[in-house]
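Here is the structure we will look at, set down as structure tokens.
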Amino acid sequence: MPTPQLPPSVPGHWLFGSGLDLALNPIGFLGKNSKKYGGIYRLTSRFKKMVIVQDPDLVKYVLQDNNKNYIKSFGYDVLGLLLGKGLLTSEGDFWRKQRRLAQPAFHRERLNAMVQTMVTCTKEYMEVLEKKRGQQVDVSKEMMHVTLHIVGKSLFGSNVTDIVEAVGKEMDIAQELAIERISNPFKLPVWIPTPGNIQEKKSIQMLDKVMMDIIEKRRKDTAHYDDLLQMLMEAKDEDTGEQMSDRQLRDECMTIFLAGHETTALALTWLWYMVDQNPAEIEKLRTEAEQVLQGRDPEMGDVMKLEYTRMAIEETMRLYPPAWVIGRRNVEDDTVGGYLVKANSNLLIPVYQMHRDPDIWENAEQFDPERFRKDKIKEKHRFAYFPFGGGPRLCIGNNFALMEMQVVVAMMVTRFRFTLVPGHPVVLDPLVTLRSKHGMKMLVE
Ligand code: HEM
């Protein structure tokens, strides 16, 4: 059989190749090429082999069918400095074992216990927001505050309120420095004591100490807890009876903290922006929340009934997927879509562009939650819409996140409305996650 050819390539700068165009303007570059080269194409770069995979069938192949050949790419090594060998950053048998241990903590029945935490945190936050009525706020920071508290309390129970802010702050510092390392190839290695590297180390040490203290205290505590830490601590490997060590617990808690708060905050931020841009939507959300909740706090049973709220959240994540790109690296040569993908290539899956593909979505740029009515979305390819990824590495917190967002939106929408401050520029900032470059300045009404 003849050896398959390499995928078509995008020409670019004589020295840096088209990898430079991607680095300078990722959304523009990927958008421009999304209909030009078919399902798979290659960037010219002397430094890295880079391949873009943008066809739902081929994405399924990479993330699901042949997932063993596709490990996490470079960015995850960098995150490993902070997260250790947590679920997001580990591979192979170690990952599989950890995933098996952690999975039950995220089952729907287990999430029941978390709804109360979500409601309490949202209520506390709404009291803070009440004092800001009539003022301009950065909604992305506000949402970060809510989701940080929700994930913090879901992990460690209610007695950690005072440390949540401190952990959030240090985590932000460590995360920003990690992002800088991912996006700036000229950043000095971590062992060189630059001010940034020293700060990063200090933040990680502080986070280590806080997490280890909590774990140590909990090991000695005989009281009953209903939080994620307790579930992770009690989880036992069915075959070997093995449980997580303190170090593993630390890595998983750090991972859940990080993976669980910014992504959700971004989705909520984009949702408030979308409903402000589409004023009819706010009424639909409010009507549903009033009908379902009738002035009560949400309970697990209500979450299922907040159907339009779910659809609006899903549609927001179609247009603004917080994880806007998914990266992989292949261990061995492979044939994808009839083309040769050489071992150790960096594959990029452009979720943002695929979610806006006009061949898949009618009026793709338009915000229309109706697309996500259950019977309609069922007809779409599994990998036409995948804000939580797919295959075995599917986001473990997907149900948690959806439930959390439904609770926050339904509770807030009956009391508040955010309106974009006129003239505030909404510019995409596609780093590791899809942020808004200048935040989201909105008036609280
Ligand atoms: C809107 C919110 C969220 C989005 C868009 C999101 C998105 C994603 C995506 C795309 C992945 C797969 C990455 C890849 O395959 O390379 C992932 C993995 C993961 N997410 Fe989420 N996530 C969200 C919320 C959460 C929450 C709330 C938690 C925890 C409470 C969480 C914990 C994790 C973990 C631990 C992984 C790694 C799973 C594994 O590889 O086994 N995420 N997430």
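Below, the figures for the structure above:
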| quantity | calculated |
| --- | --- |
| Residue within segment 315-335 that is away from the ligand (no atom under 16 Å from the Cβ), basic (Lys, Arg) and either in contact with a helix residue (DSSP H, G or I) (Cβ under 7 Å, 6 or more places away or on another chain) or open to solvent by 10 Å² or more (accessible area, probe 1.4 Å) (or both) present | no |
| Residue tally, condition assigned to a loop (DSSP other than H, G, I, E, B), more than 16 Å from the ligand (Cβ to nearest atom) and crowded, with 17+ Cβ neighbours inside 10 Å, over segment 357-401 | 3 |
| Meets criteria (among the charged types (D, E, K, R), part of a strand (DSSP E or B) and open to solvent by 50 Å² or more (accessible area, probe 1.4 Å)) for Arg42 | yes |
| Output for segment 51-98, where each listed residue is open to solvent by 30 Å² or more (accessible area, probe 1.4 Å), part of a loop (DSSP other than H, G, I, E, B) and modelled with pLDDT of 95 or more | Asp55, Asn66 |
| Positions within segment 257-279 being at pLDDT 95 or above and of a type outside the set (Val, Ile, Thr), in sequence order | Ala265, Leu266, Ala267, Leu268, Trp270, Leu271, Trp272, Tyr273, Met274, Asp276, Gln277, Asn278 |
| In segment 99-132, residue nearest to the ligand (Cβ to nearest atom) [restricted to those that are part of a loop (DSSP other than H, G, I, E, B) and modelled with pLDDT of 95 or more] | Lys132 |
| Entirely in segment 224-298, the helices (runs of 4 or more DSSP H) that have 1 or more residues that are of a type in the set (D, E, K, R) and within 16 Å of the ligand (Cβ to nearest atom) | 246-277 |
| Yes/no for Ala223 being of a type in the set (Gly, Ala, Ser), closer than 24 Å to Gln116 by Cα and surrounded by fewer than 18 Cβ atoms within 10 Å (Cβ to Cβ) | yes |
| Qualifying residue in segment 247-259 (condition: exposed (fewer than 15 other Cβ atoms within 10 Å of the Cβ) and in contact (Cβ under 8 Å) with a residue 40 or more places away in the chain) | yes |
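The values are calculated or read from the model by the stated rules, or taken from the named source; none is laboratory data. Every value quoted in this text rests on a predicted model; they were computed, and no experiment measured them. Here the Cβ is made from the backbone with ideal geometry for all residues, glycine too, and neighbour counts use every protein chain on show. The protein model used for the area step is the full one, side chains on, heavy atoms only, and it has no ligands, DNA or RNA in it. Shrake-Rupley method; radii C 1.70, N 1.55, O 1.52, S 1.80 Å.
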